[in-house]
Amino acid sequence: MAFPQGFLWGGATAANQCEGAYDVDGKGLSTADVMTVGGRGKARQVTKDGINPELYYPSHVAIDHYHHMAEDIALFGQMGWKCYRFSINWTRIFPEGDELEPNEAGLAFYDRLFDELERWGIEPLVTISHFETPLGVIRKFGGWESRQMVDCYVRYARTLFARYRGRCHLWLTFNEINNMSTNSWVAAGVDSTDEGVRARAAYHEFLASALAVKAAHEIDPANRVGLMYNGHLTYAATCDPSDAIGTMKFEHLMMYYCDVMCHGRYPGYKLRQFEREGIELPVEAGDDAILREGTVDFVSFSYYLSHVTGQKTRGIFKGLQGIQTGYDNPYLEKSAWGWGVDPQGLRFICNQLYDRYQLPVMVVENGLGAVDEVVVEDGVERIHDPYRIDYLRKHLEQLRLAIEEDGVDVMGYTCWGPIDIVAASTGEMTKRYGFIYVDMDDAGKGTLRRIKKDSYEWYKRVCETNGASLEEE
Ligand code: BG6
């Protein structure tokens, strides 16, 4: 059997991209709630001061999962899922981010969510912070550049560990923590391209993560806490050794986050860079021990595409509104959003992370953002999405090889956006990943009706057969 017993098949979402109900039951505002929709390639408009009534903010309604939660979980459960990765919205629990007491109504919502997961026998995997920094603490402290964020985050994380003790054993501290190097506003509520600012914000997130790992283990020894890395797999543009060095530098830029969280200390290449650039970390007595004692239990990552980099790669990213690669890869086809589709890259990155850290890995995001069309056949609405099945099938085949041939310890696979949700990079609904279609458009118009796509039955078979159905195709 290629996929091990107990392999965690499922799907993944983020609160701000699906819940809606942005001001319900005492919820406060987060970075996501002040970001508007932007078309392909266009920058999002961001207002840090609050809501502009003339603009449309996709997080405010999203797919209203808040009020469709039981129905949505039932659709997941009927697919035979073993695991559901979702994020808890910090501002439901601590509306401003720094209160001393949590908001009971927010906690109660997730109690109900855990109830539904238990009903369906689905194991939860919770992202504690997924692009949802509270605006309150950004206004007061300036976001993660401030050390005060560490206390706020740890109080929030401890509240979750205590409240949901015994109900959830798998946790991720920060979604795609390396997005600090590409979009620090989304990653940390810090709007800056300054390397020093980003280094300090990351330092505080590392401390917060390490303290959360320690607290999670203390509160329930059965807890396992992972990091979450945006899987920026990259190939060198040519076999010119200078290109290989350029690619190594790009990997250093991205992977230092994982190095700190897995090894409990900064890698030499990063310390030398800080020295060269005159960047000082705000280290206080005892911090080294915090990092050392709070290393993660497993490495999770997202994987959608690969990059090509080299000696001339400069300014590879232009924010989260569309991933820019250094060079084009002529061997790959591209998605409608220009993301190079590279199934073998998934095998590659599983090996890369496992070789480097010798910790279990988990694919917690993967999928194809595509335009779907609803057709009516014999009076029934259908969505034929063979392109999505093809993408996922090819990636799962490579995941199987990583496990079977390469011996990588892979805990599970939760594909991204199993029900259509708002795209993080553009705010669009048009960019759909789901097995379940949601009738909602980019302007927030639609009935929110849920319709199963062809891929729904396909993935159901994959989950129910523990991947064996892939071999039949
Ligand atoms: C990851 C994020 O970067 O990519 C998700 O963790 C996001 O939040 C996903 O939705 C896909 O990106 P997009 O922009 O297509 O939604």
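The values are calculated or read from the model by the stated rules, or taken from the named source; none is laboratory data. Only a predicted model underlies this, so the values are computations on that prediction, with no experimental measurement involved. Neighbour counts are summed over all protein chains in view; Cβ atoms, including those assigned to glycine, are modelled from backbone coordinates with ideal geometry. Each accessible area value is taken on the protein alone, full model and side chains, heavy atoms only, with ligands, DNA and RNA left out. Shrake-Rupley method; radii C 1.70, N 1.55, O 1.52, S 1.80 Å.
Work through the residues other than Ser87 whose Cβ is under 13 Å from its Cβ and net out their charges, Lys, Arg +1 and Asp, Glu -1. Charge balance in the 13 Å sphere: -2. Between the listed residues Val363, Cys168, Ile389, the Cα displaced farthest toward the positive end of the dipole of the chain, a dipole computed from Cβ unit charges relative to the Cα centre, is found at Val363.
Along the axis of the charge dipole computed for the chain (Cβ charges of +1 for Lys and Arg, -1 for Asp and Glu, origin at the Cα centre), the listed residues Val438, Gly412, Ala187 are led at the positive end by Ala187.
Counting only heavy atoms of the protein chains and using a 1.4 Å probe, Lys445 has close to 130 Å² of accessible surface. For the peptides 419-428, 293-302, 386-395, 279-288, the ranking by mean Cβ contacts within 10 Å, running from highest to lowest, is 419-428, 293-302, 386-395, 279-288.
Listed by chain and number, the lysines whose C-alpha is less than 21 Å from the C-alpha of Lys140, apart from same-chain residues fewer than 8 away, are Lys27, Lys48.
Counting each DSSP H run of 4 or more residues in the chain as -39500 (n - 2.57), what helix-only mean residue ellipticity at 222 nm follows after dividing by all residues, to the nearest 500 deg cm²/dmol? Intermediate results must be reported in sequence, preceding the final value.
Details: 14 runs with 176 residues, N = 473.
Rounded to the nearest 500, it is -11500 deg cm²/dmol.
Taking Lys and Arg as +1 and Asp and Glu as -1, the other residues whose beta-carbon sits under 13 Å from that of Met180 total -3.
Expressed to the nearest 5 percent, the antiparallel share of DSSP beta bridges inside the chain is 25 percent. For Trp339, the solvent-accessible surface computed with a 1.4 Å probe is close to 30 Å², ligands and nucleic acids excluded.
Calculate the dipole size of the chain relative to its Cα centre from +1 charges on Lys and Arg beta carbons and -1 charges on Asp and Glu beta carbons; express the result in debye to the nearest 20. Write out the running numbers ahead of the final one.
On the way: 48 positive and 69 negative charges, 128 e Å.
Dipole magnitude for the chain comes out near 620 debye.
Computed over the chain, relative contact order equals 18 percent, with contacts defined as Cα pairs under 8 Å that lie 6+ residues apart. With the charge dipole of the stretch 8-472 set up from +1 on Lys and Arg Cβ and -1 on Asp and Glu Cβ about the Cα centre, the Cα lying farthest toward the positive end among the listed residues Gly77, Thr31, Gly10 is that of Thr31. Partner lysines whose Cα lies under 28 Å from the Cα of Lys270, excluding those fewer than 8 positions away in the same chain, are identified as Lys214, Lys249, Lys312, Lys318.
The ratio of the alpha-carbon radius of gyration of the stretch 8-472 to the globular-protein estimate 2.2 N^0.38 Å is 0.92.
Among 378-384, 306-312, sorting by the average number of other beta carbon atoms lying within 10 angstrom of each residue, highest first, gives 306-312, 378-384. Each Lys or Arg adds one and each Asp or Glu takes one away; over the other residues whose Cβ falls under 14 Å from the Cβ of Asn223, this sums to +2. Accessible area per residue was computed with a 1.4 Å probe on protein heavy atoms; Thr247 scores about 10 Å².
Distances between placed amide hydrogens fall under 5 Å for Cys415 paired with Gly10, Gly11, Ala12, all partners being 5 or more residues away or on another chain. Cross-link partners of Lys334 among lysines, defined as those whose alpha carbon lies under 18 angstrom from its own and excluding same-chain residues fewer than eight positions apart: Lys394, Lys431.
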